[in-house]
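The values are calculated or read from the model by the stated rules, or taken from the named source; none is laboratory data. As the structure is a prediction and not an experimental result, all values here were calculated from the model. Quick reminder, even Gly has a Cβ in these numbers, built from the backbone with ideal geometry, and neighbours come from all protein chains shown.
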């Protein structure tokens with residue numbers, strides 16, 4: 001799917017100078033980061049969106065971009081339940 005962003009021409013020029021042909025990728029990454037921070041996108045979906053083979057690669061990429069893992073106490077409790085069920 002293609003998206004069109006309407007930004008001021010001067011900003012586009014600055015971005016193109018900075019990132020050149022990588023501008024589309026940078027935009028996609030920015031959207032992915034924001035959606036992840038707002039908890040609208042899981043690590044798995046972020047990995048899929050950005051073309052990573054594993055969630056661990058996405059975790060590493062997020063860390064490299066200064067994004068903290070979104071892992072709540074509720075997430076931890078669910079993981080503990082799954083582990084308990086696997087032990088049976």
message = Can you tell me how many residues within region 49-75 are closer than 17 Å to residue 26 by Cα and surrounded by 15 or more Cβ atoms within 10 Å (Cβ to Cβ)?
response = 7
request  = Report, by residue number, each residue of region 3-41 that is part of a loop (DSSP other than H, G, I, E, B) and either in contact (Cβ under 8 Å) with a residue 24 or more places away in the chain or out of contact with any helix residue (DSSP H, G or I) (no Cβ under 6 Å at 6 or more places or on another chain) (or both).
outcome  = 3, 4, 5, 6, 7, 8, 38, 39, 40
request  = Test residue 50 against the stated conditions and say whether it is modelled with pLDDT under 95 and closer than 19 Å to residue 3 by Cβ.
outcome  = no
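Quickly run through region 50-60 and pick out the residues that are more than 8 Å from the chain's Cα centre (by Cα) and in a helix (DSSP H, G or I).
Taking region 50-60 first, the residues more than 8 Å from the chain's Cα centre (by Cα) are 51-57, 59-60.
55, 56, 57, 59, 60, listed by residue number.
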